[in-house]
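First the structure, in the form of structure tokens, and then the observations on it.
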Amino acid sequence: MDSAVTNLKNTRSYDFIIAGAGCAGLSLLYHLLQSPLLRHKRILVIDKNFKKSNDRTWCYWEDTAGAFEQLVCKKWDTITIHNGSLSKTLPTAPFTYKMVQGIDYYHYIINLAKQHLNITWQEGLITKITTTGTIGTVHLQGGTSESATSVFSSIVPIQFQVNFSDVNNKFNAAITNTSTPFLWQHFKGILVEFDTSVFNENEARLMDFNVPQMGATAFMYILPLTDKKALVEYTLFSEKILVKTEYDNVLSNYLADFIKTNYPQAQYTIVHEELGAIPMTQHKFEQMNSPIYSIGTLSGAVKASTGYAFQFIQAQSRQIVSQLEKGALINTQMHNTRHRFYDAVLLYILKNKKMEGKEIFSRIFKNNKAATIFKFLSNTSSLMDDINVMRSLPTHIFLPAALRIIFRRP
Ligand SMILES: Cc1cc2nc3c(=O)[nH]c(=O)nc-3n(C[C@H](O)[C@H](O)[C@H](O)COP(=O)(O)OP(=O)(O)OC[C@H]3O[C@@H](n4cnc5c(N)ncnc54)[C@H](O)[C@@H]3O)c2cc1C
């Protein structure tokens, strides 16, 4: 980051430190800047690297135009699900499925925040965060530290940060030591551009289970940006991530199959690649107490059963801002007890292979409207909605799993 990194830094004490300027850190910054009561606070934003790349695309659903509507690069109002001979097309109304490019999000918020001289930017590797009395202190590599009345951290412990080049797979070892179920949602996506029209750009192929399952839950999704260009992503829920060539092989075979019948002459080039791993767990990464608060993935904002987090992170940021405005206790917990329970049951079933993930999700999508499922996955469903979703699933598998969670048996 250019001149803003060297932004005026004339004292060493802040109201808020935002430790980690990824999705959660920047979202909190954005929402703080929307608040007339808080936007003038002295805020320090620290990240190990402000030179952001387009390292992820965020998809989410909304039934209105949201705060980041101008950043939405594509939206769909139809999704499809595929499993064997099942091919189901579902209208998403009243929701729209939307996509935002990571780089657009980072730039938008950083550029907006640069206009505020009360915000200081510091590039540095955070080594630890400590509390002295009521003050939170962030320690940086090199021995310097910065203090604030409140610190909001999204720094996930290093052993849970997936590095796809780490041949020793330390992060895989880390999850086997957690007492709560832990899967990775890991994926490789390629943005492909064809020389001819091959996609229906109005339809998002949300889950196509007709791919190698690798002993886990695996699916492909195709999010077309135009009739020639789409993000094609091979996603798995499992304990171990793959080596890069395994994702590549599945992606290239899938695309070959996709064009074989209708567009045998079509050629494509790969414009961009995205590799990622999202923790699917209710494991508490770190115990944090006032004045240090966890946000984003670190705080469990990721929905354990799906890996979706973008909208939960927005809700969390709004919740924190509202609590700060009222001088209330800060609570960054996002998922309510009822939906946490459903997530725990599903995670238990997937981890212990009580039922194949492709069967579970196919049954849910086969028997319910997309809107009901979206509400269920957003934690906004009514009890009646939940019952409808659960009716799609076999009681003899889900009831024992639910009882195990209730009675906390491993
Ligand atoms: C590739 C990918 C695609 C995703 N797609 C979706 C999606 O479509 N929909 C959805 O809802 N969710 C999605 N997610 C899940 C979730 O929304 C994202 O992971 C989101 O970025 C989480 O936000 P965060 O702030 O917790 O973590 P991050 O965005 O990863 O931010 C953490 C920040 O901390 C910094 N940092 C880390 N360690 C240190 C350190 N020691 N010192 C200083 N800085 C440090 C990093 O540089 C980074 O900027 C996706 C995740 C990934 C990885």
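The values are calculated or read from the model by the stated rules, or taken from the named source; none is laboratory data. The model shown is predicted, which means the values in this text are computed figures rather than measured ones. Note: ideal-geometry Cβ built from the backbone for every residue, glycine included; neighbour counts use all protein chains shown.
In table form, for the structure just shown:
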| quantity | calculated |
| --- | --- |
| Complete set of residues in segment 161-184 that are surrounded by 10 or more Cβ atoms within 10 Å (Cβ to Cβ), at pLDDT below 80 and touching a strand residue (DSSP E or B) at 6+ places or on another chain (Cβ under 9 Å) | Phe171, Asn172, Ala174, Ile175, Thr178 |
| Test set (1) touching a helix residue (DSSP H, G or I) at 6+ places or on another chain (Cβ under 9 Å); (2) surrounded by 17 or more Cβ atoms within 10 Å (Cβ to Cβ) - Gln265 fails condition number | (2) |
| Within segment 122-238, strands (runs of 3 or more DSSP E) holding 1 or more residues that are within 11 Å of the ligand (Cβ to nearest atom) and of a type in the set (D, E, K, R) | 126-132, 182-194, 229-238 |
| Output for segment 94-109, where each listed residue is in contact (Cβ under 8 Å) with a residue 40 or more places away in the chain and within 11 Å of the ligand (Cβ to nearest atom) | Tyr97, Met99, Val100, Gln101, Gly102, Tyr105, Tyr106 |
| Count - residues of segment 250-287 that are within 24 Å of Leu183 (Cβ to Cβ) and either of a type in the set (Asp, Glu) or within 14 Å of the ligand (Cβ to nearest atom) (or both) | 11 |
| Per-region count, segment 305-323, residues at pLDDT 95 or above and either buried (at least 19 other Cβ atoms within 10 Å of the Cβ) or of a type in the set (Phe, Trp, Tyr) (or both) | 12 |
| Residues within segment 58-81 that are under 15 Å from Pro224 (Cβ atoms) and either away from the ligand (no atom under 16 Å from the Cβ) or at pLDDT below 95 (or both), tallied | 3 |
| Search result, residues across segment 299-331 that are outside any helix (DSSP H, G or I), near the ligand (Cβ under 10 Å from one of its atoms) and touching a helix residue (DSSP H, G or I) at 6+ places or on another chain (Cβ under 8 Å) | Ala301, Val302, Lys303, Thr306, Tyr308, Ala309 |
| Single residue of Lys75, Lys98 found to be more than 18 Å from Tyr30 (Cβ to Cβ), in a strand (DSSP E or B) and among the basic types (Lys, Arg) | Lys75 |
| Checklist (1) touching a strand residue (DSSP E or B) at 6+ places or on another chain (Cβ under 8 Å); (2) at positive phi applied to Gln311, failing item | (2) |
